[in-house]
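Notes to accompany the following structure.
The values are calculated or read from the model by the stated rules, or taken from the named source; none is laboratory data. Being a predicted model, the structure only gives us computed values, none of them experimental. Here the Cβ positions follow ideal geometry from the backbone for every residue, glycine too, while neighbour counts run over all protein chains shown. Just so you know, the surface numbers come from the protein's heavy atoms only, side chains and all, with ligands and any DNA or RNA stripped out. Shrake-Rupley method; radii C 1.70, N 1.55, O 1.52, S 1.80 Å.
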Amino acid sequence: MLNRRHILEVLAAAPVLGVAGCASATAAPDPYAAWRNPGQGETDPRRFVLAHGLLAPNPHNRQPWLVRMEGPAAMSLYVDRTRLLPETDPFGRQIVIGCGAFLELVAQAAPRIGFVADIQEWPEGAPGPQLDDRPFARVALRADAGVRASPLFDQIPRRRTEKTPFLPDRPADAAVQSVLAAAAGPGLVAGESREPGLRDALIEVCQRGWEIESRTLRTHMESVRLIRIGKAEVARNPDGIALTGGMLEIMALTGILTQEALADPNSTASRSGKDMWRKMIQATPGFFWIRSETADRAGQLAAGRAYARAQLAAVAQGLALHPWSMTLQEFPEMAGPYRQTQELLGAGPDAPVQMLARMGRTQRPSGLTPRRRLDDLIVA
């Protein structure tokens, strides 16, 4: 079977199908409202920074974050364990990386309103093989009249995860160096390749990883269950893989585009998606990756924070990053491509590559991805 997550993401972004991730004029509530003037009108600075954290990149668009407000200016951040991906991410590594990205955007937003985010990561200790209910961070906002916002802050609402073929031109040296510099941090190594040898080897192994995830029924079905077809369904479930607009709406109304049809590798939607995915995977002029010097939860969280910075820097430089995570997944069938990817990038079990992404430019930015309401993240 085909990998429905990636097929659908490509279909959703495909200009030939007239697809745009824009909000419906009649949808209520608007699943894209979070992207427009995030934090506007918020009087609690914690809600302002959380409104920006909500826009962080995260696996399968699960938005796996919970927040408990504490006192007048502090909060604890937790993994929402109802939003895990046990088949493709059995140890929660990718989920923790998504939590790191959320934490980084919270930290980036604080100076914009005159605060510094004092962060304590894993304040009650880090979980072992499986995630638990301990917070991944405790954040206290401290007023600081001298603090200045990072230039990356302005890129937060402009950030996209582009799931389209990239233009063939080689990303410029200065732009790539800016992305690498943004990802720098203690215990991390950021790298890139635009040279044909390593780039082509990565394309080959990533293609194999895609095929393995696609053929493995349980990993395939994990993505299928997160498909949201049409504006009404996206408004009801503003997470997961959203397919809205243009030809996709027509295909859904006529019964061509359904979860059942997408489960059939011979359907029109599946065949189109397969062709488009192959074009996308080949249209990769460069790769970007982040390796942590430890394989623990601290390294995962740090990699997520670094990736969020790198993606913001890429936007500022006119570049796009698209995570290509299949060969970094740790379910048994992926063991071969996982090992080969780590070896190609000079990494190993004790200091693994945590993020691997396509890097290039697009002809035009893709549409928005849906987001939950901020209040849905805050628990009593």
Odd one out for A117 among (1) within 13 Å of the chain's Cα centre (by Cα); (2) surrounded by fewer than 24 Cβ atoms within 10 Å (Cβ to Cβ) | (1)
Go through the residues of the stretch 355-362 one by one and say whether even a single one is open to solvent by less than 10 Å² (accessible area, probe 1.4 Å), closer than 15 Å to G100 by Cβ and outside any helix (DSSP H, G or I).
-> yes
Residues in the stretch 122-142 that are closer than 16 Å to G299 by Cα and open to solvent by 70 Å² or more (accessible area, probe 1.4 Å): how many?
-> 2
Test for L198: is it out of contact with any Pro (no Cβ under 9 Å at 6 or more places or on another chain), over 30 Å from L345 (Cα atoms) and at pLDDT 90 or above = no
Selected residue (criterion: most open to solvent (accessible area, probe 1.4 Å)) from residues of the stretch 104-114 that are more than 20 Å from Y307 (Cα to Cα) and touching a Phe, Trp or Tyr at 6+ places or on another chain (Cβ under 6 Å) = R112
Those residues of the stretch 167-218 which are crowded, with 18+ Cβ neighbours inside 10 Å, assigned to a helix (DSSP H, G or I) and among the hydroxyl-bearing types (S, T, Y), in sequence order = S214
Looking only at residues in the stretch 143-163 that are in contact with a strand residue (DSSP E or B) (Cβ under 8 Å, 6 or more places away or on another chain) and surrounded by 13 or more Cβ atoms within 10 Å (Cβ to Cβ), which one is farthest from P196 (Cα to Cα)?
-> V147
Scan of the stretch 50-88 for residues that are open to solvent by less than 10 Å² (accessible area, probe 1.4 Å) and either free of Cβ contacts under 8 Å to residues at least 24 places away in the same chain or out of contact with any Gly (no Cβ under 9 Å at 6 or more places or on another chain) (or both), ordered by number | G53, L54, L55, M75, S76, T88
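Here's the yes/no breakdown for (1) touching a helix residue (DSSP H, G or I) at 6+ places or on another chain (Cβ under 6 Å); (2) on the phi > 0 side of the Ramachandran plot; (3) among the hydrophobic types (A, V, I, L, M, F, W, C):
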position: P57; (1), (2), (3): yes, no, no
position: N61; (1), (2), (3): no, yes, no
position: A101; (1), (2), (3): yes, no, yes
position: W122; (1), (2), (3): no, yes, yes
position: V139; (1), (2), (3): no, no, yes
May I ask you to list the residues in the stretch 181-220 that are within 30 Å of P151 (Cβ to Cβ) and among the β-branched types (V, I, T)?
-> V189
